[in-house]
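Undergrad: Dropping the structure in here first, questions after.
The values are calculated or read from the model by the stated rules, or taken from the named source; none is laboratory data. Computed from a predicted model, the values in this text were never measured in an experiment. Methodologically, a virtual Cβ is constructed for each residue, glycine included, from the backbone with ideal geometry; neighbour enumeration extends over all protein chains shown.
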Amino acid sequence: RAKSAGGNRYEVADAEADARAITRHGLTTALPAALDRSEFFIEYQPLVHLGDGTVRGAEALVRWLHPQHGVLGPDRFIPLAERTGLIVPLGRWVLEQSVRQAREWQERHRDKLGAGPLRINVNLSPCQLTHPGLVQDTVDILECAGLEPDALCLEVTESALIGADDEVLKPLRRLAEMGVDIALDDFGTGYSNLANLRRLPVSVLKLDRSFTRGMQQFPADPVDLRIVEGIVSLAHSLDLTVTVEGVETGAQAEQLRLLGCDTAQGWYYARPGPPERLHDLALVDATG
Ligand code: C2E
Ligand code: MG
Ligand code: MG
Ligand code: MG
């Protein structure tokens with residue numbers, strides 16, 4: 001009995017794997033036309049200063065409004081776009097839209113924000129890092145929108161930079177010299193040597209959600225607390241700003257603030273949403 005049940009499970013598993021492969025194939029072939037047809041859109045999630053609770057900027061997160069499958073998250077299609085190379089034009093489009101959006105927020109907020117101009121974070125895929133046009137495209141996009149380079153932060157995952165040689169780091173260094181912030185995204189999920197951080201042109205450490213999860217109860221697990229405390233103090237001693245992702249409760253926010261984290265992002269503050277929402281949130285904070 002157990003054996004035949006096992007057999008059935010395998011069949012089901014195979015069928016599911018087939019269905020997934022078919023969908024993956026369908027999505028992959030539909031990607032280029034989707035870009036032409038403007039089926040992608042961007043949601044923005046606020047970045048909140050833990051010290052005073054004000055919105056300081058937002059991270060741009062891309063979505064695909066697929067005509068049959070509805071809204072697809074980036075985990076469904078970014079890996080496919082990376083494999084086909086479409087990530088380069090798609091990534092450029094995200095950067096262009098986001099930079100323009102940031103400029104628009106800044107203009108609408110000019111006299112209302114005491115905390116400085118709103119900033120924009122944009123994710124970069126490893127394929128974009130090795131693409132020769134990255135620096136020039138970024139310069140052009142900033143200039144065209146009239147956004148200062150220091151209002152832009154490019155997020156690169158820790159795994160993309162582990163073992164990166166100087167050729168890969170060179171464009172990031174040039175961008176950093178221009179004043180663009182480079183963030184190490186999902187920090188803590190890779191296995192990078194902490195001393196390695198000195199070699200990288202990063203100015204922001206984004207602590208992965210797995211650390212935030214350990215802060216869910218109050219008081220949090222003392223070992224988790226000490227690990228985060230250690231990372232924060234190392235980061236600050238290297239002049240890095242610490243952002244935490246995945247903050248879902250007020251208790252987490254409070255713990256992370258006490259541990260010295262600088263900026264937070266998560267559902268506790270706001271889910272990713274349309275650009276007007278960020279505008280409203282920032283306005284409320286600025287006027288009290
Ligand atoms: P990420 O850069 O680490 O972005 C944070 C992810 O955590 C987002 O998922 C966000 O919606 C989610 N999140 C935010 N707050 C919370 C929370 O409190 N709880 C939980 N459980 N989740 C939270 P999303 O939008 O599905 O994006 C997934 C990943 O896709 C991103 O991870 C990023 O690596 C990638 N991605 C998104 N947009 C782009 C893009 O334009 N280009 C590239 N190359 N990658 C992108
Ligand atoms: Mg990110
Ligand atoms: Mg992240
Ligand atoms: Mg993440």
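Undergrad: Taking the conditions exactly as written (within 16 Å of ligand 4 (Cβ to nearest atom), touching a helix residue (DSSP H, G or I) at 6+ places or on another chain (Cβ under 6 Å) and under 20 Å from Gly53 (Cα atoms)), does Val204 satisfy them or not?
TA: Here the answer is no, as Val204 does not meet what is asked.
Undergrad: Still on this structure, please answer the following. Take Thr189 and tell me if it is under 28 Å from Ile141 (Cβ atoms) and of a type in the set (Ser, Thr, Tyr).
TA: It is false that Thr189 is under 28 Å from Ile141 (Cβ atoms) and of a type in the set (Ser, Thr, Tyr).
Undergrad: While we're on this one: Name the pairs whose Cβ atoms lie under 6 Å apart, with the first residue in segment 267-278 and in contact (Cβ under 8 Å) with a residue 12 or more places away in the chain, the second aliphatic (A, V, I, L, M), and 6 or more positions between them or separate chains?
TA: Listed pairs, sorted by first residue: Tyr268/Val247; Tyr268/Ala253; Tyr269/Val48; Pro272/Leu61; Leu278/Ala58.
Undergrad: Given the criterion within 16 Å of ligand 4 (Cβ to nearest atom), of a type in the set (Ser, Thr, Tyr), under 19 Å from the mean Cα position of the chain (by Cα) and surrounded by fewer than 17 Cβ atoms within 10 Å (Cβ to Cβ), identify the matching residue among Ser125, Ser159.
TA: Answer to the check: Ser159.
Undergrad: Something else about it: Could we say that Ala176 is modelled with pLDDT under 85 and buried (at least 16 other Cβ atoms within 10 Å of the Cβ) here?
TA: no
Undergrad: Looking at segment 9-72, what strands (runs of 3 or more DSSP E) fall wholly within it and have at least 2 residues that are within 16 Å of ligand 4 (Cβ to nearest atom) and closer than 20 Å to Thr241 by Cβ?
TA: 40-49, 55-66
Undergrad: Moving to a separate point now. Can you tell me which of Thr157, Thr212, Thr189 is within 16 Å of ligand 3 (Cβ to nearest atom), hydroxyl-bearing (Ser, Thr, Tyr) and modelled with pLDDT of 90 or more?
TA: Only one candidate qualifies: Thr157.
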